[in-house]
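Chemist: Mind having a look at this structure? Questions to follow.
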Amino acid sequence: MAYPISLQQIFPSFEPALLEELNRIGEIRTFAEGETLMRTGQYIRSTMLLLEGRVKIFREDGEGSEFFMYYLQPGNACALSLICAIKQETSQLMARTDAPTTVLAIPLAQMDQWMMQYRSWYHFVLGTYRDRFEDLLQVIDHIAFRNMDERLVFYLKRHQQQLQTNILPLTHNDIAQELNSSREVITRLLKKLSEKGMVKLHRQAIEVVNLALD
């Protein structure tokens with residue numbers, strides 16, 4: 001199957017034979033912004049490689065509150081989906097698109113076989129585990145050892161880096177939900193950042209000026 005997106009460009013480290021397999025058995029799926037790709041408690045039926053778009057990964061509590069963990073960008077796969085797919089366990093995270101998104105779904109049967117057959121796939125899976133583990137360590141560090149104002153700055157920096165823009169399409173309510181805080185607290189902290197000249201507040205966005213903490 002020929003894809004409109006070049007797999008070789010997105011996954012340049014993959015061997016030609018692996019790319020051929022991806023073209024042969026992978027299934028292209030497209031999603032609009034705001035669609036849920038993976039729910040907490042859901043069995044993973046396939047591994048999805050992100051080709052276009054952007055996906056946010058959240059952790060949910062028992063009452064449905066969400067906490068933002070990290071982004072997935074083109075060329076990424078969710079480490080948890082790889083683990084759950086292999087072990088046939090349910091997901092402990094939720095994944096939602098943050099932009100129109102295209103993924104390549106890979107059947108579970110290929111996972112173990114490719115780990116033994118293709119060195120590039122083996123390194124891709126291990127690299128995915130490492131990268132997501134480092135993401136989680138950053139999140140844990142800021143939850144455990146930082147005040148909410150520092151956590152907010154860290155959150156805004158991550159979005160600035162991932163979106164590659166200083167204009168972040170985030171509302172106060174979005175941030176409060178994803179940091180598991182209240183809108184009132186986030187509004188107060190954003191106002192303080194604005195007074196320090198670190199951000200500019202707009203109706204449906206936040207403009208980053210300089211997020212360097214003193």
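The numbers here are math on the coordinates, done by the rules we state, and not lab data. All values derive from a computational prediction rather than experimental measurement. So basically every Cβ, Gly included, is an ideal-geometry build from the backbone, and we count neighbours across all protein chains shown.
Chemist: Put +1 on the Cβ of every Lys and Arg and -1 on every Asp and Glu Cβ in region 91-214; which of Gly127, Val139, Gln177 then has its Cα farthest towards the positive end of the dipole?
Modeler: Farthest towards the positive end: Gln177.
Chemist: A follow-up question, please. Is region 147-208 best put as rounded, prolate or oblate by its Cα gyration tensor, with a ≥ b ≥ c the root eigenvalues, rounded for a/c under 1.5, and otherwise prolate when a/b is larger than b/c, oblate when not?
Modeler: rounded
Chemist: How much net charge surrounds His123 when only the other residues with a Cβ under 14 Å from the Cβ of His123 are counted, with Lys and Arg +1 and Asp and Glu -1?
Modeler: 0
Chemist: Using the Cα centre of the chain as origin and beta-carbon charges of +1 (Lys, Arg) and -1 (Asp, Glu), tell me which of Leu152, Leu72, Thr47 is placed farthest towards the positive end of the dipole.
Modeler: Final value for the positive-end residue is Leu152.
Chemist: Here is a further query. Taking a ≥ b ≥ c as the square roots of the eigenvalues of the Cα gyration tensor of region 94-205, is the shape rounded (a/c under 1.5), prolate (a/b larger than b/c) or oblate?
Modeler: The shape class here is prolate.
Chemist: Rounded to the nearest 500 deg cm²/dmol, what is the calculated helix-only ellipticity per residue at 222 nm for the chain, with -39500 (n - 2.57) per DSSP H run of length n ≥ 4?
Modeler: Only helices count here, giving -13500 deg cm²/dmol.
Chemist: Something else about it: Quick one: putting +1 on the C-beta of Lys and Arg, -1 on the C-beta of Asp and Glu, what dipole do you get for the chain around its Cα centre, in Debye to the nearest 20?
Modeler: Numbers: 23 positive and 26 negative charges, 68 e Å.
So the dipole magnitude of the chain works out to roughly 320 debye.
Chemist: Another one. For the pair Glu195 and Arg119, what calculated FRET efficiency results from E = 1/(1 + (r/R0)^6), where r is the Cβ-Cβ distance and R0 = 45 Å, to the nearest 0.05?
Modeler: The pair Arg119/Glu195 has a calculated efficiency of 0.25.
Chemist: Then there is this: First select every other residue whose beta carbon is under 15 angstrom from the beta carbon of Phe14; then total the charges, Lys and Arg +1, Asp and Glu -1.
Modeler: It works out to a net charge of -1.
Chemist: So, counting K/R as plus one and D/E as minus one, what does the shell of residues with Cβ under 11 Å around Ile143 add up to?
Modeler: Net charge in that neighbourhood comes out at +1.
Chemist: Quick one: check the C-alpha center-to-center distance for region 184-212 versus region 1-70, whole angstrom.
Modeler: Their Cα centres are 32 Å away from one another.
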